[in-house]
Amino acid sequence: LDGYRKSCIHVSAVSLKKTPVHMKGKSAAEQRWLLRQISDPFVKAAHAQNYRCRSAFKLIEIDDKYRLLKPGLSVIDCGAAPGAWSQVAVQRDMNNIPLFIPGVDLPKGSVIGIDILHITPLDGAQLLSNHDITEPSTHMVLERLLPEARADVILSDMAPNASGLRELDHERLVTMCLSVLDLADKVLRPGGSLICKYWDGALARKLQQRLSSMFQNVRTVKPRASRKESAELFLIHNYKGEVVA
Ligand SMILES: C[S@@+](CC[C@H](N)C(=O)[O-])C[C@H]1O[C@@H](n2cnc3c(N)ncnc32)[C@H](O)[C@@H]1O
Ligand SMILES: *[C@@H]1O[C@H](CO)[C@@H](O)[C@H](O)[C@H]1NC(C)=O
């Protein structure tokens, strides 16, 4: 608890065993946060399934419905730390099912996770720690790392540190989303898709206009695993603008 409300709650931050949690010396806000963590079914499930963060279930829920992650695709995960979305992407993308057909090479996907923070290494993913998605130099690094400089899926669960000012946080997140769209313009394959978190607010229309000019089938969803009181929504797009038959 670094003084601001963490947008991604690290599963290991709370012991889920039956031992009593020490509330003494903790502020009322910290106590509320701990109690909510302990009773949150998604935190429990993340712990049981070894996901680094409960947010894994947001991507699982979206992808179970829209089926965007498939073996062999190349995926960029923006704002990847601590790495739960990348874990899900690797599972769905890399065909690591113990299935072996002699003489047949199953397609192997590629997952690149990036974050301004450090990301703990993860089997099957390439991780770019300490990289800011709003920097054009980061886009160049990504283009070099991607197979054929192209991505099939771009994920963004990025969030700014909460300032406490709703409109300011909204503006910052929209700026980050626009950087993701710049990246999509450079590397996303026609027919590729995008899942992008945003917070509703004054600039949401501007964001949606830019999206509609680039993508078809723009949808807004709120997964069950996204807390009710949270303003976050996810935009999902299939980039069908320039599909060559
Ligand atoms: C909600 S967390 C992501 C959780 C992640 N999807 C998971 O499942 O583990 C948001 C992340 O966005 C990152 N972030 C914020 N601004 C960024 C930027 N400009 N470039 C890259 N990452 C950024 C934060 O450091 C933070 O780790
Ligand atoms: C959030 O705060 C942490 C710790 O102060 C910092 O390292 C990180 O870069 C900040 N994230 C953003 C998106 O500004």
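Descriptive notes on the structure:
- Gained length - LYS186 relative to LYS24, 0.36 nm times residue gap less alpha-carbon distance: 53.1 nm
- Violating pairs (Cα-Cα greater than 29 angstrom) within the set LYS24/LYS58; LYS26/LYS222; LYS24/LYS222; LYS44/LYS222; LYS186/LYS228; LYS44/LYS206: LYS24/LYS58; LYS26/LYS222; LYS24/LYS222; LYS186/LYS228; LYS44/LYS206
- Cleavage-rule hits (GluC sites (Glu not before Pro)) in the range 173-245: DSSP loop, at most 11 neighbouring Cβ within 10 angstrom: GLU229, GLU242
- Spin-label model, MET214/THR175: points 7 Å from Cα along the beta carbon direction are separated by 1.8 nm.
- Assigned charges on the beta-carbon of Lys, Arg, Asp, Glu; the range 13-239 dipole about Cα centre (debye): 940 debye
- Quotient of the Cα radius of gyration of the range 13-239 and 2.2 N^0.38 Å, N being its number of residues: 1.06.
- These residues, THR138, THR220, go from largest to smallest accessible area, 1.4 Å probe, as THR220, THR138.
- Using the Cβ-Cβ distance between ASN161 and LYS108 with R0 = 30 Å, the FRET efficiency computed as 1/(1 + (r/R0)^6) comes to roughly 0.25.
The values are calculated or read from the model by the stated rules, or taken from the named source; none is laboratory data. On a predicted model such as this, the values are computed, not experimentally measured, just so you know. FYI the Cβ positions are ideal-geometry reconstructions off the backbone, even for glycines, and counts take in every protein chain you see. Accessible surface is based on the protein model in full, side chains and every heavy atom, while ligands, DNA and RNA are left aside. Shrake-Rupley method; radii C 1.70, N 1.55, O 1.52, S 1.80 Å.
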